[in-house]
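Asks: Submitted below is the structure of interest, expressed as structure tokens.
No lab work stands behind these numbers, since they all come straight from the coordinates. This structure is a prediction, so every number in the text was calculated from the model and none was measured. Cβ atoms come from the backbone with ideal geometry, glycine included; neighbour counts cover every protein chain shown.
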Amino acid sequence: MTERFELALERIKECAAEQFPLEAYDAYFKEVSGFLLELCQQYAQIAAGELDVAGTASKDVSHASGVAALLDKPVSENISENSPVAAGLSIKKLQMLNEKLYHAALPEQYESSFLNPACAVGKLGQEFGRLLSCLYAELRKGIVYAYEQKLELLTIRLELFLEVYSAFVYEMQENGTLPSYENIRQIGYWFISDYSDIETADRIRAQVCPEDNLYVDIIMNSDLSDLRYLYRYGVYISDNEMRIASYLNEQPEEKIQLMAHTYVEGYRKGFEMAGKDLSRKKTAGLYYHVGFERMMREAVKELRDLGLEPTVYRAWVDGAAFNRQYAFDHRDDMGLFWDKQLLHRMADVLKNAFEEVKEAAGAYAGPAVVEVFGEPPFAPVSKPECVSMSEEARKVFVEYRSQSGEITNQYIKGEERSFTIIAFPLPEIGEPFEEIFDEIIRINTLDYELYKNIQQHIIDALDEADYVEIKGMGANETDLCIKLHELKDKSKETNFENCVADVNIPVGEVFTSPVLTGTNGVLHVSRVFLNELEYQNLRMEFQDGMISAYSCTNFEAEADNRKYIKDNVLFRHDTLPMGEFAIGTNTTAYVTAEKYGIAHKLPILIAEKMGPHFAVGDTCYSHQEEVKMFNPDGKEVIARDNEVSLKRLTDGSKAYYNCHTDITIPYDELGSIVAVCADGSRISIIEQGRFVLPGCEMLNEPFEDA
């Protein structure tokens, strides 16, 4: 593999110096080859240990020296196999290297880069512009492999570039023309297909096997006071990451321990509340943002006390959102390649990858997630030059999501795993950042017992209902009827889960899986952020629990609005069921968001606790319907299924959509929530955005104190 890598690198160096006859294509190949040469240079520096401030990473100096010699850029002469890095690179040098890797993707350069499909199409034409921009984005995945020192996964991308470049050069030399579009597309297709086994096996191993993990090494062994450690990740590092790491370094130990304990204790409680045996598990998957290493170090210690080793997969570690338009532009690139043959290949590869590590997969306890928020809202620009999935490709993609979900659940069983998720702000949220951060810690640690008791009053009222009526007020047009399951024995059964601070931190909701038949009406919210995307005047209509129509006002053309929703909320399904109805009770979070003007920046994790919310997609009990769930009062939550999920009993492929998106109506747009009983009597829960049910008076206090 070393020989293949060095041969490919030598040829790319030649490519960068050659002149392709057509100016636009010459510019493309020079931009991409320049990026690859810089990537290989940094790969060599990492291999030599130059970026390892802690001096703990293994070094391959002879290999690094060989690569550097090819690039005419020798690595430090002072580094040997056994010596630590005496001084390492300065933080200024590390920042410069980081900027070089991300230069073309940063907003300032992106508009004129071939990474931008609009620019590429403008210079290379519709077909090759889309395809070659897609290729460039694929090659950029080599950044993580260079930093992880995954030689094979890096090498195959160098060879992919050379295969495409050689096809262009050959056709131009032989016939004086460009190669056929299909010839180049097939190169990309077979790259994805041929190497999917290597890529997938690497991904699954990283997710469930704790050995030799770069990211755990960074968390546990770095000198966190030396912020140069941030550049070991290979992700883009902005002022946000530097500031949050510095801020956490300055905090007292008790505060860091509180943050970590709340996070890990939520994870433990998730198993306890669901009656699942955590002692059978050996690993937990960590999701976090770069800069939170001090908290994560404490969390790892607590997880190890529970008998769990951390696993971290590269996609679980977030750096700066350096250009969300870039990610949006390339979200559908696989639409160029999806077909039935590739679907079957990818599904087989996924199953084989899990089979190789099935014991480790069975011992995986599930994800423990630290979300961040505070970045400016993102309103994407829809570009006609970007890849758009054909109807056939969309169907294949949806089928693959379904199959991959089923395969994953065979090895990481839903009924045996759990999760937790907590969120903290980044400095980018604005001033006063430190005040806001402390407020979020307070919200994340609200009194468990107090909310449990208040929410029980709400559940008791809702359990009397045949259906629940929700109406908006002012400009909000929501008018919904949510049908509930029939309770056969109210002394032992309930429809709503009493959700306090376990898997979903902070406290503050009661939720159920509605009966679809009889769930009808309109859901409307003036402004909402879902998965970091903004929706203006999002409106959905439901007929027997299924989405029958949808719209928003983000774009001038209605077709663009519908596509935006279908791609990013329906995940390209023609329709989705209402998988969840919940009432959020965390008025403290709502008032805090209003006080600091950050409601539009909050993640759905907190936003869903700030009013009623409705999830489209699978239920909260997806793949775990057979696992009995009990509330703290001992009653069984029986509303774990709906008419769609019940199809698993006859055809599992039709039971799940593998998505779940919460849409919240804020209190200031909420007219009423009323439990309507079978005899027609009505029990008011909320009127004019305030709780009116006896026993819930405390929930209105934050409004009064604001």
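Asks: Kindly express, to the nearest 10 degrees and within the range 0 to 90, the angle between helix 2-17's C-alpha long axis and the longest C-alpha principal axis of the chain.
Replies: 80 degrees
Asks: Filter the cross-link list LYS30/LYS92; LYS566/LYS654; LYS452/LYS492; LYS471/LYS595; LYS483/LYS566 down to pairs whose alpha-carbon distance in this structure exceeds 22 Å. Working shown, then result.
Replies: Values: LYS30/LYS92 27 Å; LYS566/LYS654 19 Å; LYS452/LYS492 18 Å; LYS471/LYS595 25 Å; LYS483/LYS566 25 Å.
In this structure, LYS30/LYS92; LYS471/LYS595; LYS483/LYS566 lie more than 22 Å apart at Cα.
Asks: Which FRET efficiency, nearest 0.05, do LEU646 and GLU359 yield, Cβ-Cβ r, R0 30 Å? Before the final figure, lay out each step's value.
Replies: Details: r = 32 Å, r/R0 = 1.06.
With R0 = 30 Å, the Cβ-Cβ based efficiency is 0.40.
Asks: Okay, moving on. With θ set to phi - 60° and the Karplus curve 6.51 cos²θ - 1.76 cosθ + 1.60, what are the ³J(HN,Hα) couplings of the stretch 138-147 in order, to the nearest whole Hz, using x for Gly and Pro?
Replies: Those phi angles translate into 5, 5, 5, 5, x, 4, 5, 6, 5, 6 Hz.
Asks: Hey, another quick one. Considering amide H positions built from the backbone, and no H for Pro or chain starts, which residues 5 or more places from ILE685, or on another chain, come under 5 Å of its amide H?
Replies: Residues meeting the criterion, in which the H sits 1.01 Å from N, are ILE673, VAL674, ALA675.
Asks: Here's another thing I want to ask about it. From the square roots a ≥ b ≥ c of the eigenvalues of the alpha-carbon gyration tensor of the chain, which class results: rounded (a/c under 1.5), prolate (a/b over b/c), or oblate? Please report the intermediate quantities before stating the final value.
Replies: Values: a/c = 1.91, a/b = 1.54, b/c = 1.24.
Prolate, because a/c is 1.5 or more and a/b exceeds b/c.
Asks: Give the distance, in whole Å, between the Cα centre of the stretch 447-518 and the Cα centre of the stretch 644-684.
Replies: The stretch 447-518 and the stretch 644-684 have Cα centres separated by 9 Å.
Asks: Further question on the same structure: Given axes a ≥ b ≥ c from the Cα gyration tensor, I'd like to know whether the stretch 522-666 is rounded (a/c under 1.5), prolate (a/b larger than b/c) or oblate. Numbers along the way, then the final one.
Replies: Working: a/c = 2.45, a/b = 1.17, b/c = 2.10.
The shape class here is oblate.
Asks: While we're on this one: Would you be so kind as to identify which of ILE91, ALA365, MET473 lies farthest towards the positive end of the dipole of the chain, taking Lys and Arg as +1 and Asp and Glu as -1 on Cβ and the Cα centre as origin?
Replies: Value: ALA365.
Asks: Hey, how many Å between the Cα centroid of the stretch 576-623 and the Cα centroid of the stretch 116-191?
Replies: A separation of 42 Å, based on Cα centres.
Asks: Given a Förster distance of 25 angstrom, what is the FRET efficiency for GLU14 paired with GLU174, based on the Cβ-Cβ distance and rounded to 0.05? Before the final figure, lay out the partial values.
Replies: Details: r = 19 Å, r/R0 = 0.77.
The pair GLU14/GLU174 has a calculated efficiency of 0.85.
Asks: Give me the orientation-averaged projected area of the Cα convex hull of the stretch 140-179, in nm², one decimal. Can you show the working numbers first?
Replies: Numbers: hull surface 11.7 nm².
The Cα convex hull of the stretch 140-179, projected and averaged over all directions, gives 2.9 nm².
Asks: Now for a separate question. Of the peptides 14-22, 366-374, 608-616, 254-262, how do they stack up when ordered by the mean number of other Cβ atoms within 10 Å, highest first? Mind showing how you got there, number by number?
Replies: Details: 14-22: 12.6, 366-374: 21.3, 608-616: 25.8, 254-262: 17.2.
Taking the mean over residues of other Cβ atoms within 10 Å, the ranking is 608-616, 366-374, 254-262, 14-22.
Asks: What is the angle, in °, between the Cα long axis of helix 558-568 and the longest principal axis of the Cα atoms in the chain? Nearest 10 is fine, range 0 to 90.
Replies: 90 degrees
Asks: Still on this structure, I have one more. Where nothing but the Cβ of Lys and Arg (+1) and of Asp and Glu (-1) is charged, how large is the charge dipole of the stretch 214-414 around its Cα centre, in debye to the nearest 20?
Replies: On the way: 26 positive and 32 negative charges, 91 e Å.
The calculated dipole for the stretch 214-414 is roughly 440 debye.
Asks: Provide the gained length on full extension for the span ASP668 to GLU434, in nm with one decimal, where the gain is 0.36 nm per separating residue minus the Cα-Cα distance. List each step's numbers first, then the result.
Replies: Working: separation 234, 0.36 × 234 = 84.24 nm, distance 2.69 nm.
81.6 nm is the gain from fully extending ASP668 to GLU434.
Asks: About its Cα centre, how strong a charge dipole does the chain have in debye, to the nearest 20, once Lys and Arg get +1 and Asp and Glu get -1 at the Cβ?
Replies: Working: 69 positive and 117 negative charges, 148 e Å.
So the magnitude is around 720 debye.
Asks: Could you sort the peptides 326-334, 426-434 by per-residue average Cβ neighbour count (10 Å cutoff), highest mean leading?
Replies: 326-334, 426-434
Asks: Further question on the same structure: What FRET efficiency comes out for HIS103 versus SER246 if R0 is 30 angstrom and r is the Cβ-Cβ distance? Round to the nearest 0.05.
Replies: Values: r = 25 Å, r/R0 = 0.84.
It comes to 0.75.
Asks: Can you tell which of PHE378, LEU162, GLN455 lies farthest toward the positive end of the dipole of the chain, using +1 and -1 charges on the Cβ of basic and acidic side chains (Lys, Arg; Asp, Glu)?
Replies: LEU162
Asks: Rounded if a/c is under 1.5, else prolate if a/b beats b/c, else oblate: with a ≥ b ≥ c from the C-alpha gyration tensor eigenvalues square-rooted, which is the stretch 214-414? Could you put the intermediate results ahead of the total?
Replies: Numbers: a/c = 2.31, a/b = 1.25, b/c = 1.84.
Because a/c hits 1.5 or more and a/b fails to exceed b/c, the stretch 214-414 counts as oblate.
Asks: Taking the dipole about the Cα centre of the chain, with the C-beta of Lys and Arg at +1 and of Asp and Glu at -1, give me whichever of THR420, PHE571, PHE20 is farthest to the positive side.
Replies: PHE20
Asks: Counting only helical runs of four or more DSSP H residues, what would the 222 nm mean residue ellipticity of the chain come to if each run contributes -39,500 (n - 2.57) and the total is spread over all its residues?
Replies: Working: 24 runs with 310 residues, N = 706.
Per the formula, -14000 deg cm²/dmol.
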